[in-house]
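*Asks:* Before we start, here is the structure in question, set down as structure tokens.
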Amino acid sequence: MSTETVERTDRREHTGSALDVARFEGERRLRVTGVIVVLVALFGALFVALSPDVTTAADIDQLTEAMPPAFRELFGIETLGSLEGLLAGEFYVFSWVVGLAGYLAYSAAGSVAGDLRADRMDTLLAAPVSRTNVLLGKFLALLVPIVVVNVAIPLVLYAGSVLIDDPLSLTDLAALHALAIPYLLCWAAVGLLAGVVVRRGRTASRVALGLVVAAWLSESLVASTDYDWVGTLSPMRYFDPAAVLLDGTYDLAGAALLCGVAAAALVAARTAFVRSDL
């Protein structure tokens, strides 16, 4: 066996895995994840604490009905007369539908494009690790904030609802946050693709964030119009907190579709990343 063959074999045997990259990147996200959990928990606790005053206010249902349809669609408001309606129409839109989705898309894009722009990617790829494993590892690292937030926050909300003697359904809460994972993974994959394609740190992150906002606005503003079909292109169409919390309806087909979109975006990002010149 030639020296060159031995060196190639040794390199394959010691090639870093996607899990190695994910572990390294995930550890870097722990502090930010902790901050996000605290902020979102405080935001959610505020809604729960205000709920008794808001939901029992005089003419709250009439006030909701008087809102412009476009406004109600934009913020997912069906009713403000219950804790579930208040959370679905305010808290989850700001925190999950737009907030966390925007953060993950922004962060995913920056994790690739930022490293490319700062030449950190060359250093990482100088180690015995393939481009595919680097990209997959960065994607898997995003499971740290996704999983931690979706485990911690429903517990905070449920505990708060018990304290105000208006307990939320644990089953619906668990279902909602389980369905949130495919939605957030979808945006993480889209952000990763944006980072590979745009390749310029902050620009890529802004493009990814812009896609989230544009998808949210387009899905909301075209609802109940002749152009409602445009909303089917938005991931927001397939993640509806109000349907889960108010009606107990779980869109499993939508979750499967979001997983498919995430996989397609990840494959596209991998293909572009492997073929590109760094």
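*Asks:* If we keep just the residues of the range 5-24 that are in a helix (DSSP H, G or I) and either modelled with pLDDT of 75 or more or surrounded by 13 or more Cβ atoms within 10 Å (Cβ to Cβ) (or both), which is farthest from the chain's Cα centre (by Cα)?
*Replies:* That would be ASP20.
*Asks:* Does the range 202-221 hold any residues that are surrounded by fewer than 19 Cβ atoms within 10 Å (Cβ to Cβ) and of a type outside the set (Ser, Thr, Tyr), and which are they?
*Replies:* Selection gives ARG202, ARG206, GLY210, VAL213, ALA214, LEU217, LEU221.
*Asks:* Any residue that is under 27 Å from SER51 (Cα atoms) and among the β-branched types (Val, Ile, Thr) - is there at least one of those in the range 167-182?
*Replies:* Yes, that holds for at least one residue.
*Asks:* For the range 231-258, give me the residue count where each residue is assigned to a helix (DSSP H, G or I) and surrounded by fewer than 16 Cβ atoms within 10 Å (Cβ to Cβ).
*Replies:* Here the count works out to 6.
*Asks:* Hey, another quick one. Regarding the range 124-144, can at least one residue be identified that is β-branched (Val, Ile, Thr), part of a helix (DSSP H, G or I), surrounded by fewer than 20 Cβ atoms within 10 Å (Cβ to Cβ) and modelled with pLDDT of 90 or more?
*Replies:* So far as the range 124-144 goes, yes, one or more of its residues are β-branched (Val, Ile, Thr), part of a helix (DSSP H, G or I), surrounded by fewer than 20 Cβ atoms within 10 Å (Cβ to Cβ) and modelled with pLDDT of 90 or more.
*Asks:* Output the number of the condition that ASP172 fails; it satisfies all remaining conditions of (1) surrounded by 16 or more Cβ atoms within 10 Å (Cβ to Cβ); (2) over 23 Å from ILE153 (Cα atoms); (3) among the charged types (D, E, K, R).
*Replies:* Here ASP172 clears every test but (2).
*Asks:* Right, another one. I'd like the full set of residues that are under 22 Å from the mean Cα position of the chain (by Cα), surrounded by fewer than 16 Cβ atoms within 10 Å (Cβ to Cβ) and over 17 Å from LEU157 (Cβ atoms), limited to the range 25-74.
*Replies:* GLU27, ARG28, LEU30, ARG31, VAL32, GLY34, VAL35
*Asks:* Determine whether the range 183-206 contains at least one residue that is among the small types (Gly, Ala, Ser) and closer than 22 Å to LEU86 by Cα.
*Replies:* No, because not a single residue in the range 183-206 is among the small types (Gly, Ala, Ser) and closer than 22 Å to LEU86 by Cα.
*Asks:* Can you name every residue in the range 56-74 that is touching a helix residue (DSSP H, G or I) at 6+ places or on another chain (Cβ under 9 Å) and touching a residue at least 60 places away in the same chain (Cβ under 8 Å)?
*Replies:* ALA70, GLU73, LEU74
*Asks:* Please determine, by comparing only the residues of the range 214-241 that are farther than 16 Å from ALA88 by Cβ and touching a residue at least 40 places away in the same chain (Cβ under 8 Å), which one is farthest from the chain's Cα centre (by Cα).
*Replies:* So the residue we want is SER224.
The values are calculated or read from the model by the stated rules, or taken from the named source; none is laboratory data. Treat the numbers as computed from the prediction; the structure is a model and nothing was measured. Virtual Cβ from ideal backbone geometry, glycine too; neighbours counted across all protein chains shown.
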